[in-house]
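All remarks here apply to the structure that follows.
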Amino acid sequence: MSTLLLAWRNIFRNKRRTFFTLSAIMIGIMALVLFDGFVRYTLWGLQESTIRNGLGHLQLATAEDYFTTGNFDPFRYLFTDQEAIVNQLQARPEVKNVVPQVTFAATLASAEKSGIVMVQAVPVELSRSLFGFRQIVAGRDLLAEDRYRVLLARGVAEKIGAQVGETMTMMAITRNGGLNAVDLEVVGIVTLGFRELDNMQVFLDLPTAMEFLDIDSVPLLITVLEKTEYTGAVKAAITQLFNSQAGQPLVVKAWDELADYYQQVRGFYGTLLRIMRFIIMLVVVFTIINTMTMSVLERTREIGALRAIGTQKNGIIRLFLAEGLWIGLLGGISGVLLGLIVSSVINHLFGGVYIPPPPGMAEGYQAFFTPSFATVGQNFLLALGVAVLAALYPASKGAKLKIAAALRYL
Amino acid sequence: MIIVSLEQVHKGYKLGKATVPVLKGVNLQLAEGEMVGIMGPSGSGKTTLLNLMGGIDLPDRGKVLVYNRDLAAMGDRQLATFRSETLGFIFQSFNLIPVLTAYENIEYPLVLQGITKKERWRRVEAMLAAVGLTAVKNHRPDELSGGQRQRVAIGRALITRPKLVIADEPTGNLDHQTGKVIMELMKQLNERAKTTFVLATHDPVVASYTKRVLYLRDGLVVREEVQ
């Protein structure tokens, strides 16, 4: 008759009470599993949309301050040996595409209105891999043979009242410091999902932009990898590679170093998750303390008898801790299972849950629950630990009972 | 040989702010192999006296020596070990562990002593036979009659082969006939194994099974009868 077996039988003495205690833990853990799953999916979605909205996985520039002020003076940062670098990057199996890009501020004017825009110019044939989340809302996408044609983000088009088929004038400073102007035909209007980007982005093919700016290389190389998981390893490898070579100094940045919004959202959800976890665990602690204190009270005489026939105080403590352990184990397992079942039902039977546009986003989205093995395990262990910890108080109360008084207890 | 010796033992209980004296200087001695009854009206201090002998309560003043060991000088841990190795307890309301079967209840004190499973099995089966419970050994207490439950309690008290068995109103919750059977059983065990029994009762029939009866009144031993 081990302590664990005795504890197991004890927790089923008052089946109804144990059921309610287990339900509280189960629902709490289920909520954590679901919320974890939701946050993970949402962050994954945000990560991929951030990467595929022009950020790529890795960005290479010739100086650190290109990433802060480069768009207003791209000419200071042009690569001198662009082709060699592209070839070296392209040689890595994890690399899907290397996209040369120039980004510059310009004024875009229609017949009546004008506005400041940020022009993104990449080779049209590579733009799909970099702007995978870009959606055409009117007109068409740029084609490889398109020159002097432009795509406007939705907010820009609304701001300056541009329509598909209209001709706009773009003005910007060129390499030699002069102001250049060119007429561009609007072929399509797109949305990027982020309101902030929709209000300022304009897309051009790279040859047109280079000709317009009078440059023969770009200031930024964007690397798109086969999988986001490769980011860290590839960054480390290419940083080492380029550092060991003579020539222009290079700075490599991973997407998450450049995605401020993503980092904010991640931090926000992380805090939310911690608060939620804390509150749920607090509820679990008090539920268990309540249940087990009642159990100690009901079993006062029995504890007295156990002590009288020679059970040590530690034996009583061990018994109640073991009961806490079983409750945590059962509650944790059932909570995790329920969480996984509910996730799966929502994902497969209901096709996810519609989430209205979060702050800063242009569109709502369909959320799925994709809890990770690690967080599920964490929540389970948390339930277990918290249950045993909560049992400590009633256990020590039980162990401290005076034997003679306990035996008299009615 | 004297195995229990109480010298000028005082014990009181706090009731609100006042202390109610229960034992007021009790002196008594028990010899090995005796079966001693303690009689007295309710509140005369019978249970308190047994608790002191069993080391589950300590005197306010005076000495309680069991096998020449001063129980007041022992720590909680030592006392628990002492109870487990030396004493057996039988309670009026049985105090069995409701989630354990008759077999497991009797086995429990042996588990505390760390005895091997095989040896436990051998001893528990023998004890079940001795107290006549082999047929219901897998029943839990709530599936047993009052008499059967007290047999389990007796089995549990004797399984460690204690030197002293302390029984507080062992037949108090049993009908007359069952009480007599239980007393016969205890008497047999006393005679066969030479185990010392001390039992509190206010039933003269129960007391008649003992060889010596101590009468307790107002916290003092007022009379002693040897049959």
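Counting only strands (runs of 3 or more DSSP E) that sit wholly inside the stretch A:125-240, those with at least 3 residues that are at pLDDT 90 or above, assigned by TED's automatic domain parsing to the domain that holds residue A:113 and under 21 Å from residue A:45 (Cα atoms) are A:220-225. When the criteria are applied in full, residue B:172 meets the requirement of being more than 24 Å from residue A:5 (Cα to Cα) and in contact (Cβ under 8 Å) with a residue 24 or more places away in the chain.
Here the stretch A:257-267 is the region considered, the condition is being surrounded by fewer than 13 Cβ atoms within 10 Å (Cβ to Cβ) and farther than 19 Å from residue A:64 by Cβ, and the residue that is modelled with the lowest pLDDT is A:264. Residue check: is residue A:254 in contact with a helix residue (DSSP H, G or I) (Cβ under 7 Å, 6 or more places away or on another chain) and at pLDDT 90 or above? Answer is yes for this residue. The residues on offer are B:133, B:65, B:100, and the sole one that is at pLDDT 90 or above and within 11 Å of chain A (Cβ to nearest Cβ) is B:100. Would you confirm whether or not the stretch B:146-165 contains a residue that is β-branched (Val, Ile, Thr), in a loop (DSSP other than H, G, I, E, B) and either at pLDDT 90 or above or in contact with a Leu (Cβ under 6 Å, 6 or more places away or on another chain) (or both)? Yes, there is a match, as at least one residue in the stretch B:146-165 is β-branched (Val, Ile, Thr), in a loop (DSSP other than H, G, I, E, B) and either at pLDDT 90 or above or in contact with a Leu (Cβ under 6 Å, 6 or more places away or on another chain) (or both).
Taking the stretch A:327-345 as the search range and keeping residues that are more than 27 Å from the chain's Cα centre (by Cα) and crowded, with 23+ Cβ neighbours inside 10 Å, which one is nearest to the other protein chains (Cβ to nearest Cβ)? My answer is A:327.
Tallying residues that are within 14 Å of chain A (Cβ to nearest Cβ) and loosely packed, with under 13 Cβ neighbours inside 10 Å within the stretch B:21-42 yields 1.
If you check residue B:115 against the conditions, is it farther than 26 Å from residue B:36 by Cβ and not in a helix (DSSP H, G or I)? Taking the combined requirement at face value, the residue satisfies it.
Being without any contact (Cβ under 8 Å) to a residue 24 or more places away in the chain and under 24 Å from residue B:104 (Cβ atoms) is not true of residue B:167. Kindly evaluate residue A:375 against the criterion of being buried (at least 17 other Cβ atoms within 10 Å of the Cβ), away from chain B (no Cβ under 13 Å), in contact (Cβ under 8 Å) with a residue 12 or more places away in the chain and farther than 30 Å from residue A:264 by Cβ. When the stated conditions are applied, residue A:375 does not pass them. When each of A:290, A:314 is tested for being polar (S, T, N, Q), under 41 Å from the mean Cα position of the chain (by Cα), under 28 Å from residue A:17 (Cα atoms) and at pLDDT 90 or above, the lone residue that passes is A:290. Contact map, the stretch B:74-91: residues that are farther than 24 Å from residue B:150 by Cα paired with residues that are in a helix (DSSP H, G or I), Cβ distance under 8 Å, separation 6+ or inter-chain. Pairs shown: B:74/B:82; B:76/A:313; B:77/A:313; B:79/B:71.
The values are calculated or read from the model by the stated rules, or taken from the named source; none is laboratory data. All figures in this text were calculated on a predicted structure; none of them were measured in a lab. Every residue, glycine as well, gets a Cβ built from its backbone with ideal geometry; the counts of neighbours run over all protein chains shown.
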